[in-house]
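Engineer: Please find one structure pasted underneath; my questions will follow.
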Amino acid sequence: MRYAEGGGLTAAERARRERLRFEATELFAQGVPAPEVARRFRVSRMSANRWYRTRQDGGPEALASKGPGGEKCRLDARRLQRLRAELERGPAAHGYLEDQRWTLARIADLIAALFHVRYTLREMSYLLHRLGWSPQIPVQRAVERSEGVITSWVAEEWPAIKGRRSTWAPGCTGKTSAGRT
């Protein structure tokens, strides 16, 4: 699952949680204790108590959503789109010929060269996650690899090598119980 902008919650999910807090506020106003509110809404007692204290200190409006969490991205939508395009071009297009893998350090250097913005490796990890990229072990493939040749070989050559599958195979007709001693 991809995380949305703002730390994993979409706007709809934030609105749903806000409605939940407001409904809890109505119960608090009716005198329902926090442990009962926690049971009804299937949240922890700590959350219900925190909602209760927040309501006591700042009123029901203090439970309103404060928007997406996390730090604001330093790259705007146009720059993020360009970064996606550059990453799709691959490491070789940016001079990494000996080992054609993207690393966090290489992508941080690419962003610094393109946009004059510096990211730490940790920030790079968060940014790539936001873009939908995930860390993974790369598949080692030859640069000379030709998908067309592979497809035709699998369709034409491999069936002849593999041969025809036998329809008869020896099996066991006995029961699978333990033998007598």
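The values are calculated or read from the model by the stated rules, or taken from the named source; none is laboratory data. Bear in mind that the values here come from a model prediction, so they are computed numbers and not experimental data. Reconstructed Cβ throughout: ideal geometry from the backbone, glycine too, with neighbour counts over all protein chains shown. The accessibility values were calculated without ligands, DNA or RNA, using every heavy atom of the protein model including side chains. Shrake-Rupley method; radii C 1.70, N 1.55, O 1.52, S 1.80 Å.
Yes or no, residue by residue, for (1) in contact (Cβ under 8 Å) with a residue 24 or more places away in the chain; (2) more than 17 Å from Gly132 (Cβ to Cβ); (3) among the basic types (Lys, Arg):
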residue: Met46; (1), (2), (3): no, yes, no
residue: Gly59; (1), (2), (3): no, yes, no
residue: Lys66; (1), (2), (3): no, yes, yes
residue: Ala77; (1), (2), (3): no, no, no
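Engineer: Is at least one residue of the range 117-129 under 21 Å from Lys72 (Cβ atoms) and touching a residue at least 60 places away in the same chain (Cβ under 8 Å)?
Structural biologist: The answer is yes; a qualifying residue exists.
Engineer: Tally time: how many residues in the range 87-103 are in a helix (DSSP H, G or I), over 21 Å from the mean Cα position of the chain (by Cα) and surrounded by 15 or more Cβ atoms within 10 Å (Cβ to Cβ)?
Structural biologist: 2
Engineer: For the range 33-44, which positions are charged (D, E, K, R), farther than 13 Å from Arg21 by Cα and either out of contact with any helix residue (DSSP H, G or I) (no Cβ under 8 Å at 6 or more places or on another chain) or open to solvent by 100 Å² or more (accessible area, probe 1.4 Å) (or both)?
Structural biologist: Arg39
Engineer: Same structure again: Go through the range 11-78 and tell me which helices (runs of 4 or more DSSP H), entirely inside it, have 3 or more residues that are under 28 Å from Met124 (Cβ atoms).
Structural biologist: Where helices (runs of 4 or more DSSP H) fall fully within the range 11-78 and carry at least 3 residues being under 28 Å from Met124 (Cβ atoms), they are 11-29.
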